[in-house]
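See below for the structure under consideration.
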Amino acid sequence: MMIKACIFDLDGVIVDTAKYHFIAWRRMANELGFDFTEEENEKLKGVSRMDSLNLILQWGGVERTNDEKQALAAQKNEWYREYILKMQSDEILEGVEHFLEELKNKGIRIALGSSSKNAGTIIKQVRLEDRFEVIIDGNNHTRSKPDPQVFELGSEAMGVKPEECIVFEDASKGVDAALAGRFWAVGVGSPENLGHAHYVIPGFKDLDLEKVLTNIKQ
Ligand code: B16
Ligand code: MG
């Protein structure tokens, strides 16, 4: 196995913004007269803003016109941005900076592959913008995970093949996307949700590249 690059998802891998998405979507749902659970929220991980809204409205049995949906999505994003604009470097998940530093020292290329249109803002807030050679986010791809497009654009921009790349993902649909694109997939979270990845880690604490390579070797 010849690994030349790593592509990182953002929400749930580099930072825990899923909690802010949940608070903002829940506020919107509550204003529409219904609620949804953390279990349902799990299904929104890695899913684009509009696809998330459609799922939530479906769960609440609520129908809205396209214009109304645009307004709801914009309102949710405003609430969400109130949280992310307060983020600082201390919200980077444990072990992530150390792992990125190791990759840099070993000459492994680093990209971000996120569904979020707010990825650039978040990366700047936590001061990681210099770490990523390539940033592919919700503004420059059109097909949502589980489509592999976001990771393919990342590997193409770095000039590496999918089989030379490891994707780190916390969402089941993100792991699906990586596998569909023939990338190596490392799930970040629990084997219950991410058992289809080549290797599952609870997080980056005490992790090094050698450990990842040893465990994804098939
Ligand atoms: P935004 P990721 C995804 O980011 C989130 O997991 C998902 O919950 C969110 O709906 C999506 O980004 C779009 O985010 O509304 O900021 O454009 O996990 O792919 O980094
Ligand atoms: Mg994610």
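The set of residues in segment 127-146 that are surrounded by 21 or more Cβ atoms within 10 Å (Cβ to Cβ) and of a type in the set (V, I, T) contains only I136. Taking (1) within 10 Å of ligand 1 (Cβ to nearest atom); (2) open to solvent by less than 20 Å² (accessible area, probe 1.4 Å) in turn, F151 satisfies each apart from (1). Here segment 160-175 is the region considered, the condition is being part of a helix (DSSP H, G or I) and within 14 Å of H196 (Cβ to Cβ), and the residue that is nearest to ligand 1 (Cβ to nearest atom) is G174.
Among the residues of segment 26-52, the one identified as in contact with a Lys or Arg (Cβ under 6 Å, 6 or more places away or on another chain) and either more than 9 Å from ligand 1 (Cβ to nearest atom) or open to solvent by less than 10 Å² (accessible area, probe 1.4 Å) (or both) is M28.
Do you know which residues across segment 1-19 are crowded, with 16+ Cβ neighbours inside 10 Å and either on the phi > 0 side of the Ramachandran plot or more than 13 Å from ligand 2 (Cβ to nearest atom) (or both)? Of everything in segment 1-19, those that are crowded, with 16+ Cβ neighbours inside 10 Å and either on the phi > 0 side of the Ramachandran plot or more than 13 Å from ligand 2 (Cβ to nearest atom) (or both) turn out to be I3, K4, A5, C6, G12. Among the residues that make up segment 179-187, is at least one of them at pLDDT 95 or above, open to solvent by 30 Å² or more (accessible area, probe 1.4 Å), farther than 24 Å from E38 by Cβ and small (G, A, S)? Yes: segment 179-187 contains one or more residues that are at pLDDT 95 or above, open to solvent by 30 Å² or more (accessible area, probe 1.4 Å), farther than 24 Å from E38 by Cβ and small (G, A, S). Can we say T65 is farther than 25 Å from V150 by Cβ, at pLDDT below 95 and open to solvent by 20 Å² or more (accessible area, probe 1.4 Å)? No; evaluated as a whole, the condition is false for this residue.
Within the span defined as segment 176-189, one or more residues are closer than 17 Å to G46 by Cβ, without any contact (Cβ under 8 Å) to a residue 60 or more places away in the chain, within 13 Å of ligand 1 (Cβ to nearest atom) and in a strand (DSSP E or B). Checking each residue in segment 201-218 for being open to solvent by 40 Å² or more (accessible area, probe 1.4 Å) and not in a helix (DSSP H, G or I) picks out P202, K205, D206, D208, K217, Q218. Screening F22 against (1) touching a residue at least 12 places away in the same chain (Cβ under 8 Å); (2) under 29 Å from E94 (Cβ atoms); (3) open to solvent by 40 Å² or more (accessible area, probe 1.4 Å); (4) in a helix (DSSP H, G or I) leaves a single unmet condition, (3).
The residues in segment 2-15 that are out of contact with any helix residue (DSSP H, G or I) (no Cβ under 7 Å at 6 or more places or on another chain) and not in a strand (DSSP E or B) can be counted, and the count is 1. Taking the criterion of being in contact (Cβ under 8 Å) with a residue 12 or more places away in the chain and away from ligand 1 (no atom under 11 Å from the Cβ), the residues of segment 69-78 that qualify are K69, L72, Q75. Of the residues that sit in segment 122-146 and are polar (S, T, N, Q) and more than 16 Å from ligand 2 (Cβ to nearest atom), which one is modelled with the lowest pLDDT? That would be T142.
The values are calculated or read from the model by the stated rules, or taken from the named source; none is laboratory data. Remember, it's a predicted structure, so these values are computed and weren't measured experimentally. Glycine also receives a Cβ, built like all others from the backbone with ideal geometry; neighbour counts cover every protein chain displayed. All accessible areas refer to the heavy atoms of the entire protein, side chains included, with ligands and DNA or RNA removed. Shrake-Rupley method; radii C 1.70, N 1.55, O 1.52, S 1.80 Å.
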